[in-house]
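Have a look at the structure below before the remarks.
The values are calculated or read from the model by the stated rules, or taken from the named source; none is laboratory data. Just so it is clear, the model here is predicted, and its values are computed rather than measured. Cβ placement follows ideal geometry from the backbone for every residue including glycine, while neighbour counts extend to all protein chains displayed. Surface accessibility is based on the protein's heavy atoms, side chains included, excluding ligands, DNA and RNA. Shrake-Rupley method; radii C 1.70, N 1.55, O 1.52, S 1.80 Å.
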Amino acid sequence: MSKAFTGGCACGAVRYEISAEPVFMGDCQCRDCQLRSGTGHGSYLTFPGRPSVKLAGEAKHWDVAGDNGNVKTHAFCPTCGSPVYLTFSLMPDLLSVHAASLDDPGRYKPQAVTYTVRGHAWDRFDPALPKFEKMPPM
Ligand SMILES: [Zn+2]
Ligand SMILES: [Zn+2]
C-alpha cells in the first residue's frame, strides 16, 4: 500500500491521516459545493472504512441535506474556517476530504465530474473526464 494520505486545514489545527486508498475521486458542481468552496466546484477524495482514518484537532460541524435525503455533515476548522472533511448519513463508513487540504494535492486524480447540471460556463474541466448531470448511477 502507498503511504498514508495526510492533510488538514489552512492553519494546521485540524489534521487527518488516512491509511487507505480512495474509492472515488471527483469534482462536484452542485450548488452546495459551490457555496462552500467559494468557486465553481468542490474536489474530493472519498475513503472507505472509518477505522483507517485518524483525526486530530477539534473540527466544528454543520449539516446539509442532499437531493436524496442523504445528510452531509461538513467538518471545518473553527479557527481558520477551512472545510476539511465530510461524512454521510446514508453511507456512515465513508469519509471524504477536500483535495486541496492534502499535504500533497498532486495525489488527487479526478475520475469524474458530478452535478454538471449546476455548472457554470466559467468552470471548465478536462474534456476526457466522464461527466454526470447529477450523481453517477450507483
Ligand atoms: Zn485551521
Ligand atoms: Zn456537490
I'd like to check something: does segment 40-47 contain any residue that is in contact (Cβ under 8 Å) with a residue 24 or more places away in the chain, over 19 Å from ASP123 (Cβ atoms), aromatic (Phe, Trp, Tyr) and crowded, with 16+ Cβ neighbours inside 10 Å? yes
Give just the number: which of (1) over 18 Å from LEU90 (Cα atoms); (2) out of contact with any Cys (no Cβ under 8 Å at 6 or more places or on another chain); (3) open to solvent by 40 Å² or more (accessible area, probe 1.4 Å) does ARG50 not satisfy? (1)
Given the options LYS3, LYS72, name the one that is among the basic types (Lys, Arg) and in contact with a strand residue (DSSP E or B) (Cβ under 7 Å, 6 or more places away or on another chain). LYS72
Just for strands (runs of 3 or more DSSP E) wholly inside segment 19-85: which have at least 3 residues that are more than 14 Å from ligand 1 (Cβ to nearest atom) and over 17 Å from GLY8 (Cα atoms)? 24-28, 60-65
Quick check, is LEU129 within 16 Å of ligand 2 (Cβ to nearest atom), open to solvent by less than 20 Å² (accessible area, probe 1.4 Å), of a type outside the set (Val, Ile, Thr) and at negative phi? no
Exception for GLN34 within (1) more than 14 Å from the chain's Cα centre (by Cα); (2) within 16 Å of ligand 2 (Cβ to nearest atom) falls at (1)
Within segment 48-83, the residues that are of a type in the set (A, V, I, L, M), under 19 Å from CYS30 (Cβ atoms) and touching a residue at least 40 places away in the same chain (Cβ under 8 Å) are ALA75
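For every residue, the table says whether it meets (1) within 23 Å of GLY7 (Cβ to Cβ); (2) aliphatic (A, V, I, L, M); (3) within 16 Å of ligand 1 (Cβ to nearest atom); (4) touching a residue at least 40 places away in the same chain (Cβ under 8 Å).
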| residue | (1), (2), (3), (4) |
| --- | --- |
| LEU95 | yes, yes, no, yes |
| PRO110 | yes, no, no, yes |
| ALA121 | no, yes, no, no |
| PHE132 | no, no, no, no |
